[in-house]
Amino acid sequence: MAPANERVAPAGFAALAVKFGERQRSPHWLLVKEHQVREGADTAHPPRRTLFVLNVPPYCGADSLSRLFARCGHVQSVEVCEKPTPGEKKEKHTSKFFNRKSATGFQVAYVVFRKPAGVQAAKALSQEGPLLISTESHPVKTGISKWIDSYAASVVDPEELRAEVDAYMQDYDKKIAEEEAKAAKEEGIPDEEGWVKVTRKGRKPGLPRTEAANLRVLEKEKQKRARKELLNFYAWQHRETKREHIAQLRKKFEEDKQRIALMRAQRKFRPY
């Protein structure tokens, strides 16, 4: 049986004890092992140099993991994600305003070292005492200070946002221009099987939208709205007609009740 201060890790994993700070009594356990995949299958996480980490708490980010494992060797990169990924290289999104996600639960991480020896040294940390995530030199903010930073980060600077949007649109326009140039270059040229790619700019290219065309589109939209309003008006009129008919039926029913009551009083009511 393992001692009380040790944890039995699943097969293939090593258990690393970490603490948030000095005052924390019970350690938290990170499960680590060497990330093993086929050669060339995982381009973002190279084999023999990647450490796969499970049970990463939300307050332990990429910077904290990089600092924890820096004693094992030079850390080339750290990727923290919600669940294991295929490892394909993706386009990095460095946006400050878009696609931002905050950690809501325990996560997994991939720590890539410059040399394979870093992975073995990281696994050997299971024999040492608990590692500290938050230290005096590198504190991890929590509580009020963390909320204040989160609120400050949520305030958008209009100039920064405009600069980022302009840069994105420039890249997008450049990409579209390159695709159009490539399509124009390959237009009319058969491929290996003899097929010719037909694009939108074939026999009848799309006409540019002029001011007259814009006016026609606006007029059609106006006609659609008017037709919709007319249908709604007819529906309202139909509902009013039904209400009036029901009111007349109720009025006639009350009159018939009064007439029958009068006939009964005069003993002239003979239903059969």
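The values are calculated or read from the model by the stated rules, or taken from the named source; none is laboratory data. Being a predicted model, the structure only gives us computed values, none of them experimental. Cβ atoms come from the backbone with ideal geometry, glycine included; neighbour counts cover every protein chain shown. When the accessible area is computed, the model is the full protein with side chains, heavy atoms only, and any ligands, DNA or RNA have been set aside. Shrake-Rupley method; radii C 1.70, N 1.55, O 1.52, S 1.80 Å.
What the table below lists for this structure:
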{"item": "Accessible area of residue 74 in the full protein assembly, 1.4 Å probe (Å², nearest 10)", "result": "100 Å²"}
{"item": "Which listed pairs, of 175/220; 182/222; 83/141, have C-alpha distances above 31 Å, in listed order", "result": "175/220; 182/222"}
{"item": "Formal net charge of residues neighbouring residue 131 (Cβ-Cβ distance under 10 Å; K, R +1; D, E -1)", "result": "+2"}
{"item": "Distance (nanometres) between label positions extended 7 Å along Cα→Cβ at residue 114 and residue 135", "result": "1.9 nm"}
{"item": "Two-decimal Rg to Rh for segment 113-177 - Kirkwood Rh, Cα set", "result": "1.26"}
{"item": "Simple spin-label estimate for residue 177 and residue 218 in nanometres, 7 Å along Cα-Cβ", "result": "3.1 nm"}
{"item": "Residue 34 accessible area, assembled protein chains, probe 1.4 Å, Å²", "result": "40 Å²"}
{"item": "Charge sum, other residues only, whose C-beta stays under 13 Å from residue 226's C-beta, Lys/Arg counted +1 and Asp/Glu -1", "result": "+3"}
{"item": "Sum of side-chain charges, residue 51 neighbourhood, beta-carbon under 10 Å (Lys, Arg +1; Asp, Glu -1)", "result": "+2"}
{"item": "Residue-level accessible surface for residue 78, protein heavy atoms, 1.4 Å, Å²", "result": "40 Å²"}
